[in-house]
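The values are calculated or read from the model by the stated rules, or taken from the named source; none is laboratory data. All values derive from a computational prediction rather than experimental measurement. Cβ sites come from the backbone with ideal geometry, for glycine too, and all protein chains shown count toward neighbours. Side chains are part of the model used for accessible areas, which takes the heavy atoms of the whole protein and leaves out ligands, DNA and RNA. Shrake-Rupley method; radii C 1.70, N 1.55, O 1.52, S 1.80 Å.
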Amino acid sequence: MSIKGYKVFRPDWTCRDFQYEVGKTYKHDGEIKICKQGFHFCQKLSDCFSYYTFDSDNKVAEVEAIGFVETR
């Protein structure tokens with residue numbers, strides 16, 4: 001399964017103290033809990049700003065989730 005979405009990052013490409021790099025693929029080992037455990041993103045770009053205070057220095061990227069994906 002593959003789902004595209006959007007993710008907000010700090011200016012240094014971190015989110016929740018995890019360092020990301022553009023073009024890389026990451027795998028979460030362990031249980032997935034929405035907004036608590038695992039990698040997270042929004043399927044609609046506008047939803048990103050419900051979770052983050054606007055900061056013009058932040059980065060927003062299109063992402064693709066591959067494999068098991070849990071959605072609301």
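Please name which of T71, Q19, A61 has its Cα lying farthest along the dipole of the chain towards the positive end, using unit charges on Cβ (Lys, Arg +1; Asp, Glu -1) and the Cα centre as origin.
The residue sitting most towards the positive pole is T71.
Tell me, what is the 1.4 Å probe accessible area of S56, in Å² to the nearest 10?
Looks like 90 Å² after rounding.
Mind sorting out which of [x] 11.8, 37; [y] 12.8, 39; [z] 11.9, 33 is the real Rg and Dmax of the Cα atoms in Å computed from the coordinates?
[z]
What length, rounded to one decimal in nm, is gained on full extension from K59 through to K44, with 0.36 nm per residue of separation minus their alpha-carbon distance?
Full extension from K59 to K44 adds 3.8 nm.
Rounded, prolate or oblate, given the Cα gyration tensor of segment 13-55, with a/c below 1.5 counting as rounded?
oblate
For a quick check of your reading of the filter: which trypsin sites (Lys or Arg not before Pro) in segment 4-66 sit in a DSSP loop and have no more than 12 other Cβ atoms within 10 Å?
R16, K24, K27, K36, K44
Leaving out ligands and nucleic acids, and using a 1.4 Å probe, what accessible area per residue does the chain come to in Å²?
79
Scan the chain for GluC sites (Glu not before Pro) in coil per DSSP, keeping those whose Cβ has at most 15 other Cβ atoms within 10 Å, and list them by number.
Sites meeting the loop and neighbour criteria: E21, E31, E70.
Express the carbon and sulfur contribution to the solvent-accessible surface of the chain as a percent, rounded to the nearest whole number, probe 1.4 angstrom.
50
Report the charge-dipole magnitude of segment 13-70 in Debye, nearest 20, computed about the Cα centre from +1 at each Lys and Arg Cβ and -1 at each Asp and Glu Cβ.
Dipole of segment 13-70, to the nearest 20 debye: 80 debye.
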